[in-house]
1. Please list, ordered by first then second residue, the pairs with beta carbon atoms under 9 Å, 6 or more apart or interchain, first in segment 315-326 and within 27 Å of Arg295 (Cβ to Cβ), second open to solvent by 50 Å² or more (accessible area, probe 1.4 Å) and assigned to a helix (DSSP H, G or I).
2. Scan segment 281-320 residue by residue and report those that are open to solvent by less than 40 Å² (accessible area, probe 1.4 Å), within 15 Å of ligand 1 (Cβ to nearest atom) and modelled with pLDDT of 95 or more.
3. Looking at Ala352, Ala368, which is the one that is more than 30 Å from Glu230 (Cβ to Cβ), buried (at least 16 other Cβ atoms within 10 Å of the Cβ) and in contact with a strand residue (DSSP E or B) (Cβ under 6 Å, 6 or more places away or on another chain)?
4. List the residue pairs whose Cβ atoms are under 7 Å apart, where the first residue sits in segment 687-713 and is closer than 22 Å to Ala725 by Cα, the second is near ligand 2 (Cβ under 8 Å from one of its atoms) and of a type in the set (Gly, Ala, Ser), and the two are 6 or more positions apart or on different chains.
5. Hey, could you check segment 549-596 for residues that are β-branched (Val, Ile, Thr) and closer than 13 Å to Leu516 by Cβ and say which is most open to solvent (accessible area, probe 1.4 Å)?
6. Gly134 - would you say it is open to solvent by less than 40 Å² (accessible area, probe 1.4 Å), closer than 28 Å to Asp283 by Cα and not acidic (Asp, Glu)?
7. Scan segment 534-548 for residues that are open to solvent by 10 Å² or more (accessible area, probe 1.4 Å) and in contact with a Ser or Thr (Cβ under 7 Å, 6 or more places away or on another chain) and jot them down.
8. Residues being outside any loop (DSSP other than H, G, I, E, B) and surrounded by 18 or more Cβ atoms within 10 Å (Cβ to Cβ): count how many of those fall in segment 236-280.
Amino acid sequence: MSTTPRVVVIGAGIVGTNLADELVQRGWTDVTVLEQGPLALPGGSTSHAPGLVYQTNPSRTMTHFARYTVEKLVSLGCFTQVGGLEVATTPERLGELKRKVGYAASWGIDGHLLDADEVVRQYPLLNPEMVLGGYHVPTDGLALAAKAVQVLIERSTRAGVVFRPETTVTGIERANGRVTGVTTTQGTVPADIVVSCAGFWGPAIGEMVGMPCPLLPLAHQYVFTSAVPELVGKHDASNGATLPILRHQDADLYYREWGDRIGIGSYAHRPIPVDLADLPRYDPSEISHDRMPSRLDFTPEDFTEQWAESRRFLPSLKHAEVAEGFNGIFSFTPDGGPLIGESPDVAGFYVAEAVWVTHSSGVAKAVAELLVDGRSETDLHGCEATRFEEVQLTPEYVEETAQRNFVEIYDVLHPLQPKESPRNLRVSPFFLRQQELGAFFLEGGGWERPQWYEANARFLDELPEQWREPERDPWSAMFHSPVAAVEAWKTRTAVAMYDMTPLKRVEIEGPGAGLLLQRLSTGNVLRKPGAVTYCLLLDEQGGIRSDITVARLGDELYQAGINGHVDVAYLSAAADRQSAEDPASWVRVRDITAQTCCIGLWGPRARDVMAKVSRDDLSNEGLKYFRTKQICVGGLTVTAMRLSYVGELGWELYTTADQGLRLWDLLHEAGQEFGIVPAGRAAFNSLRLEKGYRSWGSDMTTEHTAEEAGLAFAVKTDKGEFVGAAAAAAAADPRRRLRCLTVDDGTSVVLGKEPVYVDGTAAGYVTSAAYGYTVGRPVAYAWLPADVTEGDAVEIEYLGERVAATVSAEPLVDPGMARLRG
Ligand code: FAD
Ligand code: THG
């Protein structure tokens, strides 16, 4: 009898088969994989994937997933390590390839920039006149995905996994909020855990349990040429390859050698969304390489220019023809990331979808860790299925953003670059005023968020010399304005108002509210109403799930400022469990972000502004640092919380959305004589870095402990049992630390994710960075080995150049807390 849970995996593509394998390797013995197609060729995306694996990605997590996939497929004999080559035909692309060299160094991949001659030597078929340079990764190559599926099926079958082909899942059975099994065309299969690895069929499976799976099936063209003279006779195998896999991203095309032919993939066509209901239905016995549900007929009219461009790029193709092609289907999501994790509503139901072959083994490993250990070793915040806001789950939003991502897949995108559409999806009550003040909006979580206000340009003349920022290079100048300097200056010397509405917040209510937060957080939240606590949500191993502020508003009522929808899902699911287990300690978590709004009023003159609009006592005696109370502002009921992410005196002022505009107008008007300005996120980010306040998701994730991140002060180890307490108590000396760097030349601004070199070796990476207006130099936080300490010299690589920086004592501004507590 098995003692491990009964797991049903839906789908025997590259993800499902990898997952079954990862589970049995971890000692789980009761794993069944259900596949609607035949096992030899199931007919999903994997069955026709050409298998190009480029490991380098701006995302550290995706890069690590890819690296693991390469290692695993190599070990299975299912990887042809021909190397990966990306070619620049424009100066903008060359800049992008330099940034890729940086990502590679940051995330531990061996990647190099090649000059034009070296590129052509790597790939003699290239038109040398088009090539400006290239990026080469020797360990990239071709995954033999369909073969890997067969090898994994054999290996895991020997380890006891049961594969059931020609078995279509038709429903998910549940009892008491848990999965209990699946129904199929071949009867019912009981299960404690169900993982959907159904690829682009994911939404249909999700629907069976009411879990939204925001992915869009899209068709993507792939063609084979006829024989290319230079390749004839070169390979024995029909799919043989020795040339590197090749990307021509300036034309949205990619290439691989396939025996004596070239395979060409194109993203250069119109997006072709696919409705699952329209897919051809095949009898499993009919499925073949030419006929499978994930393969639609080729539309040659979408490949005309692409073929002409390919012949220009690889002139030998002038002696070849397009021999065959198809429109293959795979998944796109609103932000391009995969969908991983458990349903917040149905315990035991997991998804692992919208995953490329490139990341498949890595994702499978992470999911196996989630199931077996309760957490993944790899940071999953960009992959969590629960990361989307409600407005991001509508079919309209998913269709539009996923198609946009298809179109932009190879575009050179700036890290700050916002979506073009849909915009103005969510606006705060201050939006009209922000527009009048010339706000430059970026988008996040569907919200319009002012980055700076053009209206403040009128103060540029008054800006004292030492607050001015040096001229930026063209890349770091994008989506930035020198006006941010004015906003930072005014915040530190007068007063500014920040729209904090998009910062997510939840209300936690019920007799069990304190208990829930006490169990899940590192803080002691059982203090009197009015207390505000900064604390962490840890996982069982002490990894940081989030950092939050918890305000006790009443005996059974808390408000928490959190970091995203993943936190809402986590807290709600825990609340539901607690309420079910002990009805007397019921507790409810409610996302109140949209119906409320918040202005951060911060700066040395903040009290003067409030004195004009409120009769409440807001002196130090009236409302201490990290305390909250309800006040009246010009007749509006406002919750004031005395804390500041920018590190200045003042409050977060919350009210309901309907009263927001009036609150804005009152403060803006009252503040005029004290020099108030509205301020945006550019200044905000700079000020918070100077103050040393971490931003979860970029500065720290579940991969880091409180000790390493410099947040041990927020862990109250003596308060009793809480998630992660044992791990936090057992914490050994950390091997790495989050450090504050300042750039020595005072002018070279970096943006984040750049590699940091210590004694000439890449030893860490920048997490977030900004120009520090108060300190007059660029600031960067970075993960570095623990033995790199204050005063040490390091180098940050930015666009191929090394920039000297120094590890500095932090915080850079107000270490004695005089400004905040004043
Ligand atoms: P799939 O392989 O689709 O597996 C899902 C399985 O679930 C299917 O076998 C399906 O039959 C089964 N299933 C679905 N519903 C049910 C049900 N109700 N009951 C039972 N079984 C069910 N990726 C790369 O990394 N590199 C590339 O070069 C590359 N090129 C590509 C080129 C083309 C033309 C296309 C279309 C895709 C390409 N991809 C590439 C993407 C890659 O193919 C997919 O992302 C990957 O194969 C997805 O694997 P999967 O296991 O999630 O899905
Ligand atoms: N405001 C509110 N909630 C939030 C944030 C916020 N939740 C998410 C995120 N931001 C959390 N991050 C921080 C980081 C630092 C502080 C507050 C929120 C902060 N820290 C004090 C310090 O380190 O000096 C804590 C002092 C103490 O513990 O007494 O203020 O911006 N509502």
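The values are calculated or read from the model by the stated rules, or taken from the named source; none is laboratory data. Just so it is clear, the model here is predicted, and its values are computed rather than measured. As a convention, Cβ positions derive from the backbone with ideal geometry for all residues, glycine included, and neighbour counts pool all protein chains shown. With ligands, DNA and RNA removed, areas are computed over all heavy atoms of the protein, side chains included. Shrake-Rupley method; radii C 1.70, N 1.55, O 1.52, S 1.80 Å.
1. Pairs found: Leu317/Arg311; Ala320/Pro229; Ala320/Arg311; Val322/Pro300; Gly325/Pro300.
2. Thr299, Asp302, Phe303, Gln306
3. After applying the criteria, what remains is Ala352.
4. Trp696/Ser546; Ala706/Ala714
5. Out of the qualifying residues, it is Val589.
6. no
7. Residues satisfying the conditions are Tyr534, Asp539, Arg545.
8. Selection size over segment 236-280: 19.
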